[in-house]
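Just so it is clear, none of the values below were taken in a lab; they were calculated from the coordinates. Since the model is a prediction, treat every value here as computed from it, not as a measurement. Neighbour counts are summed over all protein chains in view; Cβ atoms, including those assigned to glycine, are modelled from backbone coordinates with ideal geometry.
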Amino acid sequence: MDGAYFIRSDGSLAGWIKNHDLFGIQWLNRHTARAPVTLYRDNDLLAVVVLTRPIYEVEASFHDHKVYFNIEVKLKGIVNELHENISSAELEKATEEAIRSQIRRTFDEGMKIRADIFRLGEVVYRDHLSNWKNIRETRDLVVEPDSLKQIKVKVNIRSSGKYKLRT
């Protein structure tokens, strides 16, 4: 599989997104059991961290008839491969940045085809129905390209296996 098609609620085709641009989906999916993140530094392989069972929260806020979202993701991980001598804190920070980047990229690619890939509009529908109705009166998609304001990612490396991390 090298990508996915997205279909709007009216049955029309929204578009196609390459698999590489969909990596962010796994971090906002309660069914994700394990997923690797490959980290690079200056185009050289730095490490591979395997993360388990993401716990995430999506908060919606409203300003000037627009909705904004903050996403927080918490993950635990283990080091699968380590190619450079690096501290645990540096590895966690690099992993957090990689995940943040994947989520942002997936969101942005979805906005290019006007698709709410993370189903953020559903959060508004379920938790803020009156606001959802007001937004839907003026446009068909609740989420806009500037709707995703903040992505917080917290990674806790539980084990480095046979690799020794600097302290």
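Summary table
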{"item": "Rounded if a/c under 1.5, otherwise prolate or oblate - region 19-77, Cα gyration tensor axes", "result": "prolate"}
{"item": "Greater than 20 Å apart at Cα, pairs in Lys112/Lys149; Lys74/Lys162; Lys66/Lys133; Lys66/Lys149", "result": "Lys74/Lys162"}
{"item": "Rounded to 10°, Cα long-axis angle of helix 88-112 versus longest principal axis of the chain", "result": "30 degrees"}
{"item": "Protection proxy ranking of 141-147, 127-133 - average other beta-carbon atoms within 10 Å, highest first", "result": "141-147, 127-133"}
{"item": "Net +/- balance of residues flanking Asn19 in space, Cβ distance below 14 Å, scoring K and R +1, D and E -1", "result": "-1"}
{"item": "Global form of region 103-158, assessed from the alpha-carbon gyration tensor, a/c cut-off 1.5", "result": "oblate"}
{"item": "Rounded if a/c under 1.5, otherwise prolate or oblate - the chain, Cα gyration tensor axes", "result": "prolate"}
{"item": "Inter-part distance where region 1-78 and region 143-167 are each reduced to a Cα centre, Å", "result": "12 Å"}
{"item": "Counted charge near Arg34, where neighbours are those whose Cβ lies closer than 11 Å (Asp, Glu -1; Lys, Arg +1)", "result": "+2"}
{"item": "Value of relative contact order over region 1-133, rounded to a whole percent, pairs C-alpha under 8 Å and six or more apart", "result": "25 percent"}
{"item": "Counted charge near Ile55, where neighbours are those whose Cβ lies closer than 13 Å (Asp, Glu -1; Lys, Arg +1)", "result": "+4"}
